[in-house]
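Novice: Would you mind keeping the following structure in view while I ask a few things?
The values are calculated or read from the model by the stated rules, or taken from the named source; none is laboratory data. Please read these numbers as outputs of a predicted model, since none were measured by experiment. FYI the Cβ positions are ideal-geometry reconstructions off the backbone, even for glycines, and counts take in every protein chain you see.
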Amino acid sequence: MAHVIKVCMGSSCFARGNSKNLQIIQNYIEQKGLDAQIELTGLRCCNRCSMGPNITIDDEEFNNLDQGSVLDILEHKFNK
Ligand code: FES
C-alpha cells in the first residue's frame with residue numbers, strides 16, 4: 001500500500017467530527033479510485049484530544065479538521 005490514512009476513532013475526535021471526516025475520506029477514495037493505493041484505518045485516542053479531530057497521513061499528523069480542511073488535504077496529497 002502506498003499510503004496509510006489513520007483516523008482517530010477515540011470518543012472525543014469521533015464526536016467532534018471524525019465520524020463525518022471518515023465518511024468524506026471513504027467517499028474520496030472511492031470516487032477517485034484510490035483504494036489500491038490508500039489503506040484507511042482507525043486509530044485509538046492518541047491523547048491529543050484538545051487538538052482534534054485528528055488524522056494522520058503517512059505519519060504526518062493533521063489537527064482540528066473539519067469537512068473542508070479534510071478535502072483540501074486529500075486534494076493536496078492525492079490529486080496529482
Ligand atoms: S480522541 Fe482523538 S486524540 Fe483523543
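Novice: In region 1-31, what count of residues is obtained for those that are surrounded by 15 or more Cβ atoms within 10 Å (Cβ to Cβ), more than 11 Å from the ligand (Cβ to nearest atom) and not basic (K, R)? Working first, answer last.
Specialist: Going residue by residue through region 1-31, those that are surrounded by 15 or more Cβ atoms within 10 Å (Cβ to Cβ) are 5-10, 12-14, 16-18, 20-22, 24-25, 28-29.
Imposing the further condition that a residue be more than 11 Å from the ligand (Cβ to nearest atom) reduces the set to 5, 20-22, 24-25, 28-29.
Next cut, not basic (K, R) only: 5, 21-22, 24-25, 28-29.
The number of residues fulfilling the criteria is 7.
Novice: Another question, then. Quickly run through region 42-56 and pick out the residues that are polar (S, T, N, Q) and surrounded by 12 or more Cβ atoms within 10 Å (Cβ to Cβ).
Specialist: Step one: of region 42-56, the residues polar (S, T, N, Q) are 47, 50, 54, 56.
Listed by number, the residues that qualify are N54, T56.
Novice: Quick check, is L34 surrounded by 13 or more Cβ atoms within 10 Å (Cβ to Cβ) and within 16 Å of the ligand (Cβ to nearest atom)? Working first, answer last.
Specialist: Numbers: surrounded by 13 or more Cβ atoms within 10 Å (Cβ to Cβ): yes; within 16 Å of the ligand (Cβ to nearest atom): no.
So L34 does not fit the description; no.
Novice: Which of the numbered conditions does N47 fail, given that it passes all the others? Conditions: (1) without any contact (Cβ under 8 Å) to a residue 40 or more places away in the chain; (2) at positive phi; (3) more than 15 Å from the ligand (Cβ to nearest atom).
Specialist: (3)
Novice: Here's another thing I want to ask about it. Assuming D59 fulfils every condition listed in (1) exposed (fewer than 12 other Cβ atoms within 10 Å of the Cβ); (2) modelled with pLDDT of 95 or more apart from one, which condition is it?
Specialist: (2)
Novice: I would also like to ask the following. Restricting the first residue to region 11-37 and requiring it to be among the basic types (K, R), which pairs with a second residue that is within 12 Å of the ligand (Cβ to nearest atom) and at pLDDT 95 or above meet a Cβ separation below 7 Å and a spacing of at least six or different chains?
Specialist: Listed by first residue and then by second, the contacts come to R16/G52; R16/P53.
Novice: Of everything in region 65-80 that's without any contact (Cβ under 8 Å) to a residue 60 or more places away in the chain and over 16 Å from L22 (Cβ atoms), which residue is farthest from the chain's Cα centre (by Cα)? Before you say what the answer is, go through the steps one by one.
Specialist: We begin by selecting, within region 65-80, every residue without any contact (Cβ under 8 Å) to a residue 60 or more places away in the chain; these are 65-76, 79-80.
Applying the additional criterion that residues be over 16 Å from L22 (Cβ atoms) yields 72, 75-76, 79-80.
Details: D72: 11, E75: 12, H76: 13, N79: 15, K80: 18 Å.
For region 65-80, the residue satisfying everything is K80.
Novice: If you take the residues of region 50-74 that are in contact with a strand residue (DSSP E or B) (Cβ under 9 Å, 6 or more places away or on another chain), more than 15 Å from the ligand (Cβ to nearest atom) and not hydrophobic (A, V, I, L, M, F, W, C), which of them is farthest from I25 (Cα to Cα)?
Specialist: D59
Novice: For I29, state whether it is at pLDDT 95 or above and out of contact with any strand residue (DSSP E or B) (no Cβ under 8 Å at 6 or more places or on another chain). Explain how you work it out, then say what you get.
Specialist: Working: at pLDDT 95 or above: yes; out of contact with any strand residue (DSSP E or B) (no Cβ under 8 Å at 6 or more places or on another chain): no.
Judged against the criteria, I29 is not a match.
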